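The values are calculated or read from the model by the stated rules, or taken from the named source; none is laboratory data. Note that the structure is a prediction, hence the values are computed from the model and not measured. Neighbour counts run over all protein chains shown; Cβ positions are idealised from the backbone, glycine included.
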Amino acid sequence: TQLIKPRIREILSRELPPELVSMLPKHWVQIGDVLILPLRPELEPYKHRIAEVYAEVLGVKAVLRKGRIGGEFRETNYELLYGSDTVTVHIENGIRYKLDVAKIMFSPANVKERVRMAKVAKPDELVVDMFAGIGHLSLPMAVHGKARVIAIEKSPYTFRFLVENIELNKVHDRMTAYNIDNRDFPGENIADRILMGYVVKTHEFIPKALSIAKDEAIIHYHNTVPERLMPKEPFETFKKTAREYGYEVEKLNELIIKRYAPGVWHVVLDLKVFKR
Ligand code: SAM
């Protein structure tokens with residue numbers, strides 16, 4: 001989070017009604033050289049000029065208005081307010097992430113998890129990332145952890161960036177990408193570690209994860225949970241499903257990633273599964 005730059009306020013206070021100046025966004029997210037700006041509805045008539053001033057002062061090439069993320073592919077629907085090119089390379093933790101910020105999510109709130117994954121991965125283990133995106137979580141595992149990675153991404157548009165990112169980060173010898181629905185992935189009993197970086201419906205993919213897992217494996221299981229069901233969930237559901245498929249589960253760790261909606265949390269569990 002940043003404080004509003006005095007220069008932005010100075011320019012816009014000459015152009016906007018005074019009561020609107022105090023509503024100018026004080027926080028924003030910068031991904032590469034693209035800005036995501038939350039704008040109150042009152043600022044609607046001035047949105048393009050506001051975006052232009054933020055772009056000039058902060059030195060970015062495009063500005064998007066913050067909106068929702070949704071659908072199977074977790075796509076963003078951010079309105080373009082300034083500039084035209086929303087494809088950028090964002091560098092974080094020594095990783096180059098190329099993406100189209102207007103269409104593909106990249107959550108600043110997930111940074112801790114991206115950094116953590118770089119540390120848990122072990123050299124030469126086989127990681128299967130069932131919801132790879134642009135390689136959000138698995139690029140750090142291949143680059144820093146020297147793990148071998150199979151990255152599965154269903155959206156053709158996101159997949160293009162995943163493939164480019166493998167090249168950009170020079171991990172093509174360790175990382176392979178598949179543009180398929182992970183339920184159609186043919187590998188069985190192969191993974192030492194599985195990433196399930198998805199929300200809302202992740203539990204529907206537990207049986208598939210278990211079939212990809214070796215007889216003993218680690219699964220990083222993300223999901224969204226209503227607060228009133230915590231801390232029993234999401235572990236209970238995972239354990240129940242795993243038992244139906246002949247696996248025992250041990251919970252090694254549980255972390256909160258972020259608030260997903262009012263009263264709903266995005267959490268990740270580190271789970272050790274082993275065949276009975
Ligand atoms: N795991 C990363 C993270 O936590 O930052 C990225 C999550 S990303 C938003 C989830 C990705 O899973 C999306 O790119 C979406 O297109 C993909 N996806 C959704 N359903 C899928 C499926 N059945 N098979 C493969 N990929 C899928």
Could you please find all residues in segment 85-109 being among the charged types (D, E, K, R), more than 13 Å from the ligand (Cβ to nearest atom) and either without any contact (Cβ under 8 Å) to a residue 24 or more places away in the chain or within 20 Å of Gly197 (Cα to Cα) (or both)?
Arg96, Lys98
Is it true that Ala209 is among the small types (Gly, Ala, Ser), within 13 Å of the ligand (Cβ to nearest atom) and more than 18 Å from Leu271 (Cβ to Cβ)?
no
Residue in segment 192-204 that is closer than 24 Å to Met105 by Cβ, surrounded by 15 or more Cβ atoms within 10 Å (Cβ to Cβ), touching a residue at least 40 places away in the same chain (Cβ under 8 Å) and among the charged types (D, E, K, R) present:
yes
Where in segment 1-100 are there strands (runs of 3 or more DSSP E), lying fully within it, with 1 or more residues that are more than 27 Å from Met117 (Cβ to Cβ) and modelled with pLDDT of 95 or more?
34-37, 62-65, 79-82
Got at least one residue in segment 114-135 being more than 11 Å from the ligand (Cβ to nearest atom) and modelled with pLDDT under 95?
yes
Within segment 149-173, tally of residues that are in contact with a strand residue (DSSP E or B) (Cβ under 6 Å, 6 or more places away or on another chain), outside any helix (DSSP H, G or I) and either among the aromatic types (Phe, Trp, Tyr) or surrounded by fewer than 19 Cβ atoms within 10 Å (Cβ to Cβ) (or both)
0
All positions within segment 58-83 that are out of contact with any strand residue (DSSP E or B) (no Cβ under 9 Å at 6 or more places or on another chain) and either closer than 25 Å to Pro156 by Cβ or of a type in the set (A, V, I, L, M) (or both):
Gly71, Glu72
